[in-house]
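Here the structure comes first, spelled out in structure tokens, and everything after it is commentary.
The values are calculated or read from the model by the stated rules, or taken from the named source; none is laboratory data. Worth saying up front: this structure is predicted, and the values here are computed from it rather than measured. For neighbour counting, all protein chains shown are included, and Cβ atoms are generated from backbone atoms with ideal geometry for every residue, glycine included. Ligands, DNA and RNA are excluded from the accessible area calculation, which covers all protein heavy atoms including side chains. Shrake-Rupley method; radii C 1.70, N 1.55, O 1.52, S 1.80 Å.
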Amino acid sequence: MAIETYTQAGTPSEPGKAGELVCLQPFPCQPIGFWPLSGYGTAEAVEAAAVRYQQVYFSHYPDVWCT
């Protein structure tokens, strides 16, 4: 896995310094979304789930998976 620790400013932490663990590349067991996924709910519910997924995992550091 391509992982790193980030500071609150969104830059890589210095070696030996605390930081937030982030994943820089997709990984095999990464969730692809929140339920309901496309084809399993109304369009509004699917869109709301997609928005929540982005907010939870990608809002703190843009384009970087963080939980």
Q.
I'd like the residue in region 1-18 that is more than 17 Å from the chain's Cα centre (by Cα) and under 16 Å from residue 66 (Cβ atoms) and, out of all such residues, is most open to solvent (accessible area, probe 1.4 Å).
A. 18
Q) Which condition number does residue 21 fail, the rest of (1) aliphatic (A, V, I, L, M); (2) part of a strand (DSSP E or B); (3) surrounded by 13 or more Cβ atoms within 10 Å (Cβ to Cβ) being met? A) (3)
Q: Collect the residues in region 43-67 that are open to solvent by 100 Å² or more (accessible area, probe 1.4 Å) and either in a helix (DSSP H, G or I) or touching a strand residue (DSSP E or B) at 6+ places or on another chain (Cβ under 8 Å) (or both), keeping them in residue-number order.
A: 44, 47, 52, 55, 60
Q. Can you find even one residue in region 27-42 that is outside any loop (DSSP other than H, G, I, E, B), of a type outside the set (Phe, Trp, Tyr) and surrounded by 12 or more Cβ atoms within 10 Å (Cβ to Cβ)?
A. no
